[in-house]
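K.L.:
First the structure, which I've put down as structure tokens, then a few questions once you've had a look.
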Amino acid sequence: VDVPHRGRMAFAADPTGAGFGIWQDRSRHGADRDEEHGPTCWNECHTRDYLVAQSFYADVFGWSFDEIGDGSYGYSIAKRAGDGEGVGGIHQLGDEIPEGIDAYWLAWFSVGDCDAVVKRAVELGASVRLPPMDSPFGRMAGLAGPHGEIFGVIDAQMVTPVPV
């Protein structure tokens, strides 16, 4: 689909069922703002078919992957072809997630005060999926908007969520 004077976009789903969009720029570049309140700062695919997802994104976008963690769960940093820049993550959904939860992409938003944003989001009709907690990458929480859309928020100190 053409977006007049801006670019071209498409929406698709990967073989694991995770929906995603792609953008071909004409005059509007992608999200590249950091250390502000509110911009997208990280995206990650959550799927039960971890290796299938990795293979798909490697074939389509030329990404390579760096495995992280202690081996108790599957998580990898997707790295852009050419410069090796970390562009997102892929996370293996585990047994803690009920069957029937489809694969999905999760957007993370950088915020200045995680607890205050969670409180305000709840006042506006969101529900808490993951209460605010400290992590090695900053204070973070998971929310569902009033229409069920899920997203994460993390304190603005975090620019790159995982050392690459």
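K.L.:
Determine the share of the chain's accessible area contributed by carbon and sulfur atoms, expressed in whole percent, with a 1.4 angstrom probe.
P.N.:
Carbon and sulfur together cover 53 percent of it.
K.L.:
Further question on the same structure: Place the peptides 46-58, 125-137, 1-13 in order of packing, highest mean first, counting for every residue the other Cβ atoms within 10 Å and averaging per peptide.
P.N.:
46-58, 125-137, 1-13
K.L.:
Additional query: Can you find, among ALA81, HIS147, CYS45, the residue farthest towards the positive end of the dipole of the chain? Put +1 on the C-beta of Lys and Arg, -1 on that of Asp and Glu.
P.N.:
HIS147
K.L.:
Related question: Roughly how many debye, to the nearest 20, is the charge dipole of the chain about its Cα centre, given +1 on each Lys and Arg Cβ, -1 on each Asp and Glu Cβ, and no other charges?
P.N.:
Result for the chain is approximately 540 debye, rounded to the nearest 20.
K.L.:
Considering the convex hull of the alpha carbon atoms of segment 66-106, report its projected area averaged over all viewing directions, in nm², one decimal.
P.N.:
Taking a quarter of the hull surface, the average projection is 3.5 nm².
K.L.:
Using heavy-atom solvent-accessible surface (probe 1.4 Å) with all chains present, what is the largest-first order of TRP23, TRP105, TRP42?
P.N.:
So, going from the largest accessible area down, we get TRP23, TRP105, TRP42.
K.L.:
Counting only other residues whose beta carbon sits under 15 Å from that of ALA12, what net charge do I get with K and R as +1, D and E as -1?
P.N.:
Charge balance near ALA12 sits at -2.
K.L.:
As an exercise, use a Förster radius of 30 Å and the Cβ-Cβ distance of SER127 and SER72 to find the FRET efficiency, rounded to the nearest 0.05.
P.N.:
Taking R0 as 30 Å, the efficiency between SER127 and SER72 is 0.60.
K.L.:
Might you tell me the accessible area per residue for the chain, computed with a 1.4 Å probe and given in Å²?
P.N.:
On a per-residue basis, 59 Å².
K.L.:
Per residue of segment 122-137, what does 6.51 cos²θ - 1.76 cosθ + 1.60 with θ = phi - 60° give for ³J(HN,Hα)? Whole Hz please, x for Gly and Pro, Karplus curve as stated.
P.N.:
5, 4, 8, x, 6, 10, 8, 9, 9, x, x, 8, 7, 9, x, 9
K.L.:
How large is the helix-only mean residue ellipticity at 222 nm for the chain, computed as the sum of -39500 (n - 2.57) over DSSP H runs with n ≥ 4, divided by its residue count, in deg cm²/dmol to the nearest 500?
P.N.:
Using -39500 (n - 2.57) per qualifying helix, the result is -4000 deg cm²/dmol.
K.L.:
Length gain on complete extension for the stretch ASP25 to GLU99, per 0.36 nm per residue less the alpha carbon to alpha carbon distance?
P.N.:
The span from ASP25 to GLU99 would gain 22.9 nm if fully extended.
The values are calculated or read from the model by the stated rules, or taken from the named source; none is laboratory data. In this text the structure is predicted, and so the values were computed from the model without any measurement. So basically every Cβ, Gly included, is an ideal-geometry build from the backbone, and we count neighbours across all protein chains shown. Note: accessible area is taken over every heavy atom of the protein model, side chains too, but ligands, DNA and RNA are not part of it. Shrake-Rupley method; radii C 1.70, N 1.55, O 1.52, S 1.80 Å.
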